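Notes to accompany the following structure.
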Amino acid sequence: AVFRIELRHGTFSWIVKRKEKHFMELHRELRTYKTFLRIPLPSRTQLEDYLNKLLKMPLYRNYHMEFIDVSQLSFIEDLGPKGLEGMVHKRSGGHRIPGLNCCGHSKICYRWSKRWLVVKDSFLLYMKPDSGAISFVLLVDREFSVKMDSKDTETQHGVRIDSLCRYMICSELLYRGNVLIVHKSDFSLVGVVCFRYVNGKVYMEDVANALEKAEEEIFITDWWLSPEIFLKRPVVEGNRWRLDSILTRKAQKGVRIFVMLYKEVELALGINSEYSKRTLLQLHPNIKVMRHPDHVSSTVYLWAHHEKIVVIDQSVAFVGGIDLAYGRWDDHEHRLTDVGSVTRTLNASAEVTFNIHSQPRPFTARRKVSLTFPQYSTVQNVLWFSNRCHCILFPAFPLMSLCGSEADTAPELQADVIGLMGNTRFWHGKDYCNFVHKDWIQLDKPFDDFIDRHTTPRMPWHDISSVVHGKAARDVARHFIQRWNFTKIMKPKYRSLSYPYLLPKSHSTANEIKHQVPGSVSTRVQVLRSASDWSAGIKHHEESIHNAYVRVIENSKHYIYIENQFFISCADNKLVWNRIGDTITWRIIKAHREGQKYRVYVVTPLLPGFEGDIKTGGGSALQAVMHFNYRTMVRGEHSIISQLKREMGDQWMNYISFGGLRTHAELEGKLVTELIYVHSKMLIADDNTVIIGSANINDRSMLGKRDSEVAVIFEDTETETSVMDGQEYQAGRFGLHLRLECFRIILGAKTDPSIDVTDPISDHFYKDVWLTTAARNATIYQKVFRCLPSSDVRTIPELEGYLARTGLDRDDPARAQEELKKIRGFLVQFPLYFLSEQNLLPPIGSKEAMVPMEVWT
């Protein structure tokens, strides 16, 4: 007997063939449902619900899978339409005896397993028929292929399925039903809504809000993750917006959370990913954490997972340069100090005022107080205001200093609850940092200061990130899933069922966005990455970020604006291989020969991010990176400026500018300055094309075989009228507003509206605004602080003489204050000739010299 169940809507159909076992029981079920199908226009959902109920019944589960080609994954809408399913015998390894090849097609020569195969529109998987546990997931990629020739399959009536990651041979494939077309593609260029972030404040707030909206799953991967960081600041709601608290809250509501951390070489880095992993795993069983690579069994010592991704429900994806880690939170003010000056009104039950019955204390005096109240945690280090003392009490709040640090005996206090008006900080404990001054230590004590806030300014952090929705978010999730599943295979301790395989959601449901970040605009988006065999398990490395940078620079017509943590390029095919610097040079020469106006703006840190005292020449690691940065900009025959000078002499200055960022403040009555650390990885071209991601401009990030990276390229589809070289210009909305925000921040236009940053290539802007501001600020800072780096110092021996002369900050503080009033924004000239006569490569015998040179490039 043959029964045909066909939905009138034509969604799908199955042919059900007679089986001996359990036939009568199933026949009764089918007859019942056949009667049900006579109802006019039955819905697909009704049939799916019926079959899902059958699958939940132990009596029928295994039999129905093979009988009518359905499984637990058949009707999950987000996984895509139902496709081919059936029982197969699967071979995915080599010969039973390693090193031997079988000349025949006998099953005896290989290990074969019975598996249930499920094909979806962008992936296939197989699972164990008895338990339903997923055994492997194979993603459809650009090399996905299906072969049926016996030479390829080494078996009769079988198929061979290949992808970038793996191949699989199946025999005795039991086919029934309609075949679903599999879309063979990688990360495609799609139209989505997106938003961009300058600095960490708004970025982390939006991440926190998106995490709160999560309903199913959260993916996070970072180079470094600090569980105790606060995503919303100032901290005025207790632990509510602390990362670990948010993840715990969502896990308790059933959201599955998957975190991937870079497993560092502990002797080289102090980010303590083991502590981060242990802390997260202790929060809730729904939180799973992997670290990769395994340095015990792997030869990967030099390269790192450098991605910064947060994905919510495979619907919203944050991609950029901002780790959820200490030091990254900053706003447009780039403060150097944090002394508890934030005041905000909250709910009335959270603050206590203490009336002092002894002698009043002066406002500036600090005294230590420890108090414990019911329902509140102990509060320490409260600031005295005359004869009244204000502090904030948070439920379950960790012990930490809120204001002050000096110890003293407290007078008798009387507590009265009043309306909340209190003081708190932006950066707690390890979050207040200056890693060039001192690298992080004791990360397992997150709320212990390791830098004296009263003598040392923090190092501000300038960064860029983005968020994408819909299909692009699906692609970002797909990359995370590929890495997660690859790590699960590679590391035995992750092969248990407690670390599940992850499944990518279908693009067919990608437009059903549950949460959209406010202010998003429409663009065309494509996900880019640097990935290889060690990082993602793919056979051929991918360097699509590098290729995108080169293509965008080549095709740019008016300008490019770059912010990047490193600037190491200009290929010599020996030490440096990426072509970004050479492409910039070629594009400038092309503009010069054709008489075009063309500008290149490069903003990068004044010093690399390595601990070292620059006043004595700096550490060897810091100097090594400086060597390759300067080699790209100005030193040696391969540098950009050297190549341009050979073509056009000193006219190169009309085309390209190198800058850094610096700021100043008053700390404990003294003037202080510090560089602003540019951690961005961004390129803007012509106000209509943007690349934002985790990839630095160096070989580590760009070549694909080294550090793993993820980026996004945005091509504007919505335009608005702007100006380019004095002429009306249709600029892209996304690219234009990102460039304007960056320019306004670093040039001071946010506080001085008279500074016009609209036209990015006019002579007035380039010479009278950009170059003039950078030169004036650099001159003032050198006059006031005698700060480093400086082009006045060409060798390390010259440092002592340079620093022997004091600046206005010590000689004449009042005049120094007047000079600093002339500062506009943060932009300063890059000191191109700092230590220009010094060999900055690691000296022979140093530990840095024993490291392969590729580490620094």
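See the values below:
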quantity	calculated
Quotient of Cα Rg and 2.2 N^0.38 Å for the stretch 760-828, N being how many residues it contains	1.29
Percentage of interatomic Cα-Cα distances in the stretch 589-672 larger than 21 Å	48
Protection proxy ranking, peptides 163-169, 845-851, average beta carbon neighbours within 10 Å, highest first	163-169, 845-851
Gain on full stretching of the segment that runs from Gln252 to Arg495 - 0.36 nm per residue minus C-alpha separation	85.0 nm
Calculated FRET efficiency for the pair Lys615/Gln730, C-beta based, R₀ 51 Å, to 0.05	0.55
Rounded Å value of the spacing that divides the Cα centres of the stretch 203-240 and the stretch 520-549	25
Packing rank of 802-811, 469-478, where each peptide gets the mean count of other beta carbons within 10 Å, highest leading	469-478, 802-811
Set of lysines with alpha-carbon distance to Lys471 below 16 Å, sequence-local pairs under 8 removed	Lys184, Lys505, Lys514
Which of His454, His515 has the fewest Cβ neighbours within 10 Å, and the rest in rising order	His454, His515
Residue order, fewest to most beta carbons within 10 Å, for Lys250, Lys705, Lys308	Lys705, Lys250, Lys308
Gln72-Trp586 pseudo-label distance in nm [points 7 Å out on the Cα-to-Cβ vector]	5.3
Gained length - Ser113 relative to Ser836, 0.36 nm times residue gap less alpha-carbon distance	253.8 nm
Set Lys491/Lys574; Lys114/Lys493; Lys82/Lys114; Lys253/Lys288; Lys438/Lys847 screened for pairs whose C-alpha atoms are more than 27 Å apart	Lys491/Lys574
Contact order relative to length of the stretch 521-678, as percent, for alpha carbon pairs under 8 angstrom and 6 or more apart	20
Exposure proxy order (Cβ contacts within 10 Å, fewest to most) of Thr721, Thr604, Thr153	Thr721, Thr153, Thr604
D_trans [Stokes-Einstein, Kirkwood Rh over alpha-carbon pairs] for the stretch 516-600, 10 °C, 1.306 mPa s, µm² s⁻¹	103
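Coordinate-derived values only; no laboratory data. All values derive from a computational prediction rather than experimental measurement. We place every Cβ from the backbone using ideal geometry, glycine too, and count neighbours over all the protein chains shown.
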